[in-house]
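The values are calculated or read from the model by the stated rules, or taken from the named source; none is laboratory data. Owing to the predicted nature of the structure, the values given are computational and were not obtained by experimental measurement. Quick reminder, even Gly has a Cβ in these numbers, built from the backbone with ideal geometry, and neighbours come from all protein chains shown.
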Amino acid sequence: MTTYGEKGIAKAAKKSDRIAAEGLVHVEEKGNEAAIVEINSETDFVARNEGFQNLVKEIAIQVLESKADSVEALLETTLPSGETVDQRMKEAISTIGEKLSIRRFAVRTKTDNDSFGSYLHMGGRIGVLTVVEGSTDAEAAKDVAMHIAAINPKYVSSEQVSEDEIAHEREVLKQQALNEGKPENIVEKMVEGRLRKYLQEICAVDQNFVKDPDQTVEAFLKSKGGKLVDFVRYEVGEGMEKREENFADEVKGQMK
């Protein structure tokens, strides 16, 4: 077990108010469980560091082993080394010299008749975990994960889209059509057509499959005997405040 002195804890505390919006996404599978994890760092340099990459993998494994249901609960769990995840993170902060934080994770399960697909883009800038029901073709599930990484759908299918979102989009499309000067008697048909197109754009199974645009994702998986039932897509730093710093400043920062 690693023992911390006051110096190491003080180092971590000093970095606690910095912005960490870089980092890595990692997917770890074990049997019928899989975890996807995002851990943030301050700079892309650290994200490419082997020590940081090993840390991300270590934490992803711990997510599966610990059954923790939140980041706060995960930090309190004990690693095989005997230290807590919180202690391990503070150790890494002290060693690497940047603020590091576990931002989020998700765990998905399947049966022996299903498959997980995972894909990491740009070395872990984007990570996707898919769950395909009724097929053990992991390669097909991975291909769909790659599609989701590239196209970024919001939902698996239109069944997941709320009635409120559909009603809102229908109203927006109606106003657009009326503003275009379309006669009211054809506006309704136009709106329904555009709404179908909108749903196709945001729902994975209805999208043209990126590796074969002549068929949809649903048709591709059906040809493999499977059906997409869930996915998680993480993109590093999405929705977070980014630190504004040019490349030269970043290099200088690494040399301090």
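On inspection, Y234 fails the criterion of being at pLDDT 90 or above, aromatic (F, W, Y) and either more than 25 Å from the chain's Cα centre (by Cα) or farther than 19 Å from A141 by Cα (or both).
Would you check if G193 is assigned to a strand (DSSP E or B), small (G, A, S) and at pLDDT 95 or above?
Values: assigned to a strand (DSSP E or B): no; small (G, A, S): yes; at pLDDT 95 or above: yes.
No; evaluated as a whole, the condition is false for this residue.
Restricting to segment 200-216, give me the number of residues that are buried (at least 17 other Cβ atoms within 10 Å of the Cβ) and assigned to a helix (DSSP H, G or I).
So the first thing to find is which residues in segment 200-216 are buried (at least 17 other Cβ atoms within 10 Å of the Cβ), and the list is 202-207, 209, 216.
Filter again for assigned to a helix (DSSP H, G or I), leaving 202, 204-206.
Of the residues in that region, 4 qualify.
Screening K30 on (1) in contact (Cβ under 8 Å) with a residue 24 or more places away in the chain; (2) under 16 Å from the mean Cα position of the chain (by Cα); (3) within 30 Å of E133 (Cβ to Cβ) shows it passes everything except condition (2). No other residue among G181, G123 is in contact with a Lys or Arg (Cβ under 8 Å, 6 or more places away or on another chain), surrounded by fewer than 16 Cβ atoms within 10 Å (Cβ to Cβ) and either outside any helix (DSSP H, G or I) or not aromatic (F, W, Y) (or both) apart from G123. Looking across segment 205-228, the residues that are among the polar types (S, T, N, Q) and under 22 Å from Q160 (Cα atoms) come down to Q207, N208, Q215, T216. Within segment 113-133, being under 25 Å from R48 (Cα atoms) and of a type in the set (A, V, I, L, M, F, W, C) holds for L120, M122, I126, V128, L129. Given the criteria part of a strand (DSSP E or B), surrounded by fewer than 18 Cβ atoms within 10 Å (Cβ to Cβ) and in contact with a strand residue (DSSP E or B) (Cβ under 6 Å, 6 or more places away or on another chain), does R104 qualify? Spelling it out, R104 is indeed part of a strand (DSSP E or B), surrounded by fewer than 18 Cβ atoms within 10 Å (Cβ to Cβ) and in contact with a strand residue (DSSP E or B) (Cβ under 6 Å, 6 or more places away or on another chain). Considering the conditions (1) buried (at least 19 other Cβ atoms within 10 Å of the Cβ); (2) within 21 Å of the chain's Cα centre (by Cα), E72 is excluded by exactly one of them, (1).
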